[in-house]
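These notes are about the structure you will find just below.
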Amino acid sequence: MDIVKLKLDEFTNLYLVIKSKKERADKMSQFMKTKDECPTCTQIIDVNYKKTVIEQNDTAIHECVDGLQKMSKTIDRLKTRLRQIESIQTEMNSLEREISAARIRIESKKGYQQKLNKMIEDLDKEIGSFDTDASLEKVELDIENTKKERTQLIEYKKYLD
């Protein structure tokens, strides 16, 4: 992008230089076509000299016009290219912001996933320490003991009645 900007500046400056040269040649050509004497020294300007100067300036003007047209096209291409580059740069910046936001969301989800994994581990440990067969036997034994105790209490109640 910087290279394109530098080239655009360079061509724009060159365009202005050529335009200035064309304007000077136009002035000189116009002067020679309309004046017959020098305004500074008031001498008569030779017709052959005038003709030579007019031809030289007209040739320079023609060359400048051709150069200006070519420069104008080049400047337009560079401006178009610069706009394309700026558009791409804007899109890249937007995508980089989206990527950054996505990375933040991913890190957040990873943290949440780690928290869930830790909870699962803790539950697995708790479940692992819980012996289901032994625990079931203990509960059944407690039920049997409670039934026996109930039966004894019912008999004791009858006895008391």
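No value in this document is a laboratory result; all are computed from the given coordinates. It should be emphasised that the depicted structure is a prediction, and the values quoted were computed from it without experimental measurement. All Cβ positions, even for glycine, are placed from backbone atoms using ideal geometry, and neighbour counts span all protein chains on display.
Run the dipole for the chain about the Cα centre, Lys and Arg Cβ at +1, Asp and Glu Cβ at -1, nothing else charged, and hand back the magnitude in debye, nearest 20.
1180
Amide H neighbours of ILE45 under 5 Å, at least 5 residues apart or on other chains, H built in the peptide plane: list them.
GLU37, CYS38
What three numbers, in Å, describe the spread of the alpha carbons of the stretch 2-90 along their principal axes, ordered from the longest?
64, 21, 16
With label points built 7 Å along Cα→Cβ from the Cα atoms of LYS118 and GLU37, find their separation and express it in nm.
With each label point 7 Å from Cα toward Cβ, the separation is 10.5 nm.
Hey, what's the Cα Rg ratio for the stretch 76-153 versus the globular rule of thumb, 2.2 N^0.38 Å?
2.84
If you take all C-alpha pairs in the stretch 1-50, what percent of them are over 11 Å apart?
Tail of P(r) above 11 Å: 74 percent of Cα pairs.
With each run of n ≥ 4 DSSP H residues scored as -39500 (n - 2.57), what mean residue ellipticity at 222 nm is computed for the chain after dividing by its residue count and rounding to the nearest 500 deg cm²/dmol?
Values: 3 runs with 145 residues, N = 161.
For the chain, the value works out to -33500 deg cm²/dmol.
Need one number: convex hull volume per residue for the stretch 10-161, Cα atoms only, in Å³.
Dividing the Cα hull volume of the stretch 10-161 by its residue count gives 231 Å³.
Just need the relative contact order of the chain here, percent rounded to a whole number, with Cα pairs under 8 Å and 6+ apart.
Result for the chain is 26 percent.
Once phi is turned into ³J(HN,Hα) by the Karplus curve 6.51 cos²θ - 1.76 cosθ + 1.60 with θ = phi - 60°, what whole-Hz value does each residue of the stretch 143-156 show in order, with x for glycine and proline?
Karplus-based 3J(HN,Hα) across the stretch 143-156 equals 4, 4, 5, 5, 4, 4, 5, 4, 4, 4, 5, 4, 5, 5 Hz.
Whole-Hz ³J(HN,Hα) for each residue in the stretch 27-34, computed from phi via Karplus 6.51 cos²θ - 1.76 cosθ + 1.60 with θ = phi - 60°, x for glycine and proline: what do you get?
4, 5, 4, 4, 4, 5, 6, 9
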